[in-house]
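One structure below.
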Amino acid sequence: MKDKIIQRFLLARGEPISGQQLADELGISRTAIWKHLQTLQDEGYEFITIKKKGYRLVSVPDRVDAARISSYLNTKRFGHTIHYFEEVDSTQSIAQQLARDGAKDGTIVIAEEQTGGKGRMQRPWYSAKGKGIWMTVIIRPNILPHQAPQLTLVAAVSLVSAMKTLYKNFIPEIKWPNDILINGKKCAGILTEMLAEMDRVDGLLIGIGINANHELDDFPEDIQSIATSIAIEEKQKVDRAQLVAEILKYLEHYTDEYVANGFAAIKRLWVEHSCTIGKRIKATTIRETVEGEAIGITDEGVLEILLDDGQIKKVYSADIEIQN
Ligand code: BTX
C-alpha cells in the first residue's frame, strides 16, 4: 500500500493530492493514508501540506526501490515484479532462488549495495552503496542452452541503447563480450548465468552492474585506473531509477526481437557500438592466449580473430585486451 501511495505521488509529478482523494482511490481510510505518509517521511520522502489541496511530494530519497522504478516503467512484462533490498550478498544468488521457485519472466532483483557482488569466474564486482545499479533480471526465453551467451550481447546492446537515449555527453561502447566502456574505461559489466537441463533453458539470470553516481574515490584503489561512472563522464548525477526503467524497456524489446528473429537481428546494432572489431587484441581463454585482429562476430555471437599466420580463430568465451 505504501508503494502504491508513493507511486501515485510520483505520477502526479509535483501536483498536490488530497487525503480524501487518495483514500477513495485506494479504498482505505484517511487515517490509514496519514499513517503511511508518516512512515514514508521516516524513510526520507518529504511532503508539504497545501491548504484545501492536500499533500505535495517535494523530495524523494535517492533509492532504486519499486515505487521509483515503476513511476518510469513502460514495459509489457519486464520489471512488473521488483524485489528490492538495501543490502545483499549478490543479486544473482537471490534471483537464482526466485527463478527456481518459479519467478515470472522479467522479474528483477535490485539492491543498493552488494557485499559479495561477482563478475565472471568468481571475480569480485565492487558494488558501492547507493552509487550504482546492481540488478539481476530473470528471463525465461524459449532458447537452447548453447544460445545463452548470446543474451549477454543482447543485454549489452540494451545497456548502450538506454545510455544513448538518456545521456548526451559521452558515447558508450561494447567490449566483447560483457563490458560497457566509456572513453576506454569500464562503466558496466554483465554476468549471464543459466538454469538449464540438458536440452532446455529453464531461465537466465542477466546480472547487470553499472557504475552510475561514483566519483573516482568511490572505487577501490586497484580499479581506479580502469573504472569510470556515468556521472563522471556525463558530468552530472544520474537518476538511477530512470536508467533502470530505460534498460528494462530495451532489454524486453531486444530479447523479444532475438527470440523471434535470432541474433542476426541484433548483430548490426552490436557491431555499430563495438570497440572491439577491427582492433588488434589479445584473448585469454581457459585453454590458451591468442593474439590477432578481431574481424567480426558470427551470427551466433562468436568472436572471430584473424591470427598472424592467417588462420581464423573462433572464440566462444574469453577475456580480451585491446592493443590499439
Ligand atoms: P568481469 O569478470 O568481466 O569483471 C570483473 C573485473 O572487473 C574485476 O576483476 C575487476 O578488475 C573489475 N571490476 C570490479 N568491480 C568493478 C566496477 N564496479 N567497475 C569497473 N570494474 C570493476 C563483469 O565481470 C560482470 C559484472 C556483473 C555484476 C552484476 S551486479 C548485479 C549482479 N550481481 C552480481 O553479483 N553480479 C552481477
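All of 229, 225 fail the test of being crowded, with 17+ Cβ neighbours inside 10 Å and within 13 Å of the ligand (Cβ to nearest atom), apart from 229. Just one of (1) free of Cβ contacts under 8 Å to residues at least 40 places away in the same chain; (2) under 28 Å from the mean Cα position of the chain (by Cα); (3) not assigned by TED's automatic domain parsing to the domain that holds residue 173 fails for residue 309. It is (2). For segment 33-55, the set of residues classified as part of a helix (DSSP H, G or I) and either in contact (Cβ under 8 Å) with a residue 24 or more places away in the chain or within 20 Å of residue 72 (Cα to Cα) (or both) consists of 33, 36, 37, 39, 40, listed by residue number. Residue count for segment 170-183 under the criterion of being free of Cβ contacts under 8 Å to residues at least 40 places away in the same chain and within 14 Å of the ligand (Cβ to nearest atom): the result is 2.
Among the listed residues 136, 165, which satisfies the condition of being away from the ligand (no atom under 16 Å from the Cβ), over 16 Å from residue 263 (Cα atoms) and touching a residue at least 60 places away in the same chain (Cβ under 8 Å)? Let's see the steps before the verdict.
Numbers: 136 fails: away from the ligand (no atom under 16 Å from the Cβ).
Every option except 165 fails the conditions.
Cβ-Cβ contacts under 6 Å between residues 6 or more apart (or on different chains), taken from a first residue in segment 102-122 that is at pLDDT 95 or above to a second residue that is assigned to a helix (DSSP H, G or I) and surrounded by 14 or more Cβ atoms within 10 Å (Cβ to Cβ), are listed as 109/91; 109/94; 109/95; 111/91. Here residue 54 passes the criteria (1) at positive phi; (2) within 30 Å of the chain's Cα centre (by Cα); (3) surrounded by 13 or more Cβ atoms within 10 Å (Cβ to Cβ) except the one numbered (2). Within segment 102-130, the set of residues being touching a His at 6+ places or on another chain (Cβ under 9 Å), β-branched (Val, Ile, Thr) and within 11 Å of the ligand (Cβ to nearest atom) comprises 108, 109, 110. Which of the following residues is in a loop (DSSP other than H, G, I, E, B), farther than 27 Å from residue 79 by Cα and not small (Gly, Ala, Ser): 286, 281? Checking each option against the conditions leaves just 286.
Just checking, which of 248, 243, 205 is within 26 Å of residue 115 (Cβ to Cβ), within 9 Å of the ligand (Cβ to nearest atom) and within 14 Å of the chain's Cα centre (by Cα)? It would help to see each step written out before you state the result.
Numbers: 248 fails: within 9 Å of the ligand (Cβ to nearest atom); 243 fails: within 9 Å of the ligand (Cβ to nearest atom).
The conditions single out 205.
The condition of being within 16 Å of the ligand (Cβ to nearest atom), part of a helix (DSSP H, G or I), on the phi < 0 side of the Ramachandran plot and among the small types (Gly, Ala, Ser) holds for only one of 23, 67, 99, that being 99.
The values are calculated or read from the model by the stated rules, or taken from the named source; none is laboratory data. These figures come from a predicted structure and were not determined experimentally. Ideal geometry is used to build each Cβ from the backbone, glycine not excepted, and the neighbour counts take in all protein chains shown.
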